[in-house]
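Some notes on the structure that comes next.
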Amino acid sequence: MRTLKDLRPGEKGRIKMVKGNGPIRRRIMDMGLVPGTELVMERYAPLGDPIEVKNHGFHLSLRKEEADTIILE
Amino acid sequence: MEYKKLVIALAGNPNAGKTTIFNNITGSRQHVGNYPGVTVEKKEGKITYQGYEITVIDLPGTYGLSGYSPDELVSRNVILKEKPDLIVNVVDASNLERNLYLTSQLKELEVPLLLVLNMADVAEQSNKIDYTLLATLLGIPTVRAVGSKNEGTEEILQQALRSVENERQFPERVVRYRHEIEDELLYLRKQMGAAGQKKLEIAASTESGSAVALTYPSRWLAVKLLENDREITQLIATVHPEMLPDILKSRERIQNLIGDDAETCLVEDRYAFVRGVYHEACKAHAMDRLSVTEKIDSVLLNRALGIPIFLGIMWLLFQLTFALGAPLMDWIDVGVSALAGWVLAQMPEGLLSSLLVDGIIGGVGGVLVFLPNIVLLFLGIALLESTGYMSRAAFVMDGIMHRAGLHGKSFVPMLIGFGCSVPAIMATRTLENPRDRLVTMLVTPLMSCGARLPVYTLLIAAFFSPQAGGNVLFSLYLIGIILAIGMARIFRTYLLPGETEPFVMELPIYRMPTLKYLLIHMWERTWLYLQKAGTLILAMSILMWGLFTFPLTNAQENQFADATQQLESSYAGKVGKAIEPLIKPLGFDWKTGVALVSGLGAKEIVVSTMGTLYSITDSDVLAEEEDHAVQSFAQRVREQSGFTPLVAYVLMLFTLIYVPCLATIAVIKRETNGWKWPLFTVGYTIVLAWVVSFVVYRAGLWLGIGI
């Protein structure tokens, strides 16, 4: 299963589902990371974590452990 | 003239420019406080406009209205319980899709709405927005605005009055979900006994215990039940406990029919609605508004340059706060001393003049002396936040801070802590998450602040060779950092356990801040400090003065022979003696105890108290050249105290760790809205100081180091 964490900078992916439950998952979805959304992986932070992605006109950062809950098609 | 009252609440995403619009509407007539029981900030402003007295409430910036975060709970509770006449939803027009998601949820609360399309100038560079079509599609009147240029403020007020005076200008448009969900919403509303009713009245009890009936939109209640919203499920359970299995069944049916959980479907459908509206009303040009930001970020967030640039900016912030603040603080010092001198000259020496000069004027000086730091720090922080760099700083630092159980943004307050804990505690406001904030607040005092330095300087000069001095000093700073990280982990694991907070954070586009925003932000913080923390610091200073001044005479009602005797017999002296058995295992005597008690007022006072205790008068020291002054003072301390270098080191350690000064405690009280956390800080730092000092002292004795 490929997750957002597996994307390399510059690569694109489309969200299939967001795993887990509770506040983190809801926050991720409230930010527009819902199934069907296309994302571009922009970069790793200088220390390797978190990562930055681009989603429908804005930039978002999330930790790798959170990115790992976002499963791509 | 009689004014009609009107309450307007501003809602919107973080970074949508809500605060700028709020400032434009209310000017400087603002009041900042906290919502009861939570650390969420409440901002209100009042204006009069065309016969109305309008109260404007600035709700916390949120991305949604789920019940998970305190900000979101506060927002929706204000809307449902305080029932403002109008919600003004400020959206970033250049990032409409995501911003309208909140709009879709505000619509469900079925309150009168007004949509303000802020940053329209930026948006129009890359998009052609059909404002009328947008209003029709959403069923909400819209106003175009550019907050940074104060455009649209008048229109917002005019439209607000129109919205309040005329019932409805656009036909209602409901956010529709897929039919499987709509079926369940109908079913749940029927179970609640609100089948054909828009509103449902539920009796609830307020915090004070009195019963009130609140009306909720029944469709919204059903949506929240499907979402498994904790607060609403509990609310329904109080009036319809029999419904709980029905709710579970509803969610199960959705899961079986759609193959996805209800919460996901609801969020998805809202986004589908929003995207539909967006694509109909907005046509994108070729230009990408993100391109400038992306270019800047390719440098600022660069894997090689990101950290050095971050450190450089932090260095500038530190210099701005402390280096630029130092001369201002000196002026305040000079001013306060001049005032004290003047008062002394005006009245006979006695208890009253001592209270005025040492207690009150000294206390006011103690409050004012932090002002330059606070003003400058918040200017710096306002700059970092309004330009958009603050979230980048968090992005760069989170890798390290997360390992300590902290957030990337915790770095800023901890760094400021090296200068002074008071502005540092206030700087934790940049952390949105209450648990991150609290942990940062609790450990920040362990960063060795500037007031501890005189204690180190004196004791190092007295007990260590110049060659060893640097290492001793460095070790103290390092121990502070290690303890802060260790305690943060412990607090995160045992004191405030639970799921780690999400780091899902927007990196907003870079913007030029407006001067007005910077000034208002700076003034707001400063006023908060003076009003809330300042009074408490003053009261504590007077209390400390009393401890060190009374009793005035000895048992035979005679005046004390000198300052040393007076201090020894004062209440503070008695406290010092009383705690001697407790600090004896650390190698301290009662005099050290008194000095430590005095350090509660401000750490640097430890030095002057030791001077008094060891009968070192000012004239002895001042007679010599400045450079020699420290030397001779140190020499006397060495001769008179009977400390070994080990005890001196342990004393420095203890000074580093134990109770941050009273001003810090006052600020923690102010920021956490209660006495629980400041008292906890006092308790844990004393215990930690004792344990660390004990271990070091015993280890030193056993190893024969420094004795």
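The values are calculated or read from the model by the stated rules, or taken from the named source; none is laboratory data. All of these numbers come straight from a predicted model, not from anything done at the bench. Neighbour counts are summed over all protein chains in view; Cβ atoms, including those assigned to glycine, are modelled from backbone coordinates with ideal geometry. The protein model used for the area step is the full one, side chains on, heavy atoms only, and it has no ligands, DNA or RNA in it. Shrake-Rupley method; radii C 1.70, N 1.55, O 1.52, S 1.80 Å.
What does the structure give for B:97-105 when I average, per residue, the other chain Cβ atoms found within 10 Å of the residue Cβ? Let's see the in-between values first.
Numbers: counts 5, 8, 1, 0, 5, 1, 0, 0, 1.
So the per-residue partner count for this stretch is 2.
With a 10 Å cut-off around each Cβ of A:16-23, the average count of Cβ atoms from other chains is 3. Using a cutoff of 8 angstrom between alpha carbon atoms and counting only pairs six or more residues apart, the relative contact order for chain B works out to 10 percent.
Amide hydrogen proximity for residue B:448: with H placed 1.01 Å from N in the peptide plane, no residue at 5 or more positions away or on another chain lies under 5 Å. The distance linking segment B:566-608 with segment B:455-529 is 28 Å (Cα centroid to Cα centroid, whole angstrom). Compactness of segment B:402-454, taken as the C-alpha radius of gyration over 2.2 N^0.38 Å, stands at 1.06. Nearest 0.05, what FRET efficiency do residue B:530 and residue A:68 give at R0 = 45 Å with Cβ-Cβ as r? Once rounded, the FRET efficiency stands at 0.45.
Cα centroid separation, segment B:660-688 to segment B:533-554: 18 Å. Looking at chain B only, what percent of DSSP beta bridges run antiparallel? Nearest 5 please. Around 55 percent of the beta bridges assigned by DSSP in chain B are antiparallel ones. Between A and B, buried accessible area from a 1.4 angstrom probe totals roughly 3900 Å², ignoring ligands, DNA and RNA.
Calculated mean residue ellipticity at 222 nm for the protein assembly as shown: -16500 deg cm²/dmol, from DSSP H runs with n ≥ 4 weighted as -39500 (n - 2.57), summed, divided by the residue count and rounded to 500.
Given axes a ≥ b ≥ c from the Cα gyration tensor, I'd like to know whether the protein assembly as shown is rounded (a/c under 1.5), prolate (a/b larger than b/c) or oblate. Prolate shape, in that a/c is at least 1.5 and a/b is the bigger ratio. Beta-bridge orientation, the protein assembly as shown: approximately 70 percent antiparallel, per DSSP, counting only bridges with both partners inside. On the beta carbon distance between residue B:355 and residue B:639, with R0 = 51 Å, the FRET formula returns roughly 0.90. With the dipole of the protein assembly as shown worked out from charges on the C-beta (+1 for Lys and Arg, -1 for Asp and Glu) around the Cα centre, which of B:471, B:600, B:451 lies farthest toward the positive end? Selected residue: B:471. Calculated on the Cα set of chain A, radius of gyration then Dmax: 10.9, 30 Å. When chain B is described by a simple charge dipole with +1 on each Lys and Arg Cβ and -1 on each Asp and Glu Cβ, the residue from B:521, B:55, B:650 located farthest towards its positive end is B:55. Relative to the longest principal axis of the Cα atoms of chain B, helix B:626-641 runs at roughly 70 degrees. Peptide B:173-180 shows a mean partner chain C-beta count of 0 within 10 Å per residue C-beta.
Tally up the carbon and sulfur contribution to the accessible surface of segment B:401-468 as a whole percent, 1.4 Å probe, everything protein left in place.
The value for segment B:401-468 is 66 percent carbon and sulfur by accessible area.
Reducing segment A:20-42 and segment B:409-426 to their Cα centroids gives an inter-centroid distance of 32 Å. Rg over Rh for chain B works out to 1.04, both radii taken from alpha-carbon positions and Rh defined as the Kirkwood radius. Which percent of the Cα-Cα distances in segment B:179-284 go past 15 Å? Beyond 15 Å sits 66 percent of the P(r) for segment B:179-284.
Candidate cross-link partners of residue B:46 among the lysines, defined by an alpha-carbon separation under 28 Å and a same-chain spacing of 8 or more, comprise B:4, B:5, B:18, B:81, B:83, B:107, B:149, B:516, B:532, B:669. Within the same chain, lysines fewer than 8 places from residue B:574 are excluded, and of the rest, those with a Cα less than 23 Å from its Cα are B:584, B:591, B:603. Computed from point charges on the beta carbon alone (+1 for Lys and Arg, -1 for Asp and Glu), the dipole magnitude for the protein assembly as shown about its Cα centre is near 1260 Debye. In terms of the mean number of neighbouring beta-carbon atoms within 10 Å, the peptides B:272-280, B:339-347, B:77-85 order highest first as B:272-280, B:77-85, B:339-347.
Contact order for segment B:385-535, expressed relative to its length and based on alpha carbon pairs under 8 Å spaced 6+ residues apart, stands at 26 percent.
Principal axis extents of the C-alpha atoms in segment B:4-165 (largest first, rounded to whole Å): 44, 39, 27. Measuring r between the beta carbons of residue B:302 and residue B:559 and using R0 = 51 Å, the FRET efficiency lands at 0.15. Listed by chain and number, the aspartates and glutamates whose alpha-carbon sits under 15 Å from that of residue B:577, ignoring those within fewer than 8 places in the same chain, are B:568, B:589. Give me the accessible area per residue for chain B, probe 1.4 Å, as a whole number in Å². With the other protein chains kept in place, chain B gives 42 Å² per residue.
Quick check: the angle from helix B:389-403's long axis to the longest principal axis of chain B, C-alpha only, nearest 10 degrees? Roughly 70 degrees between the two axes.
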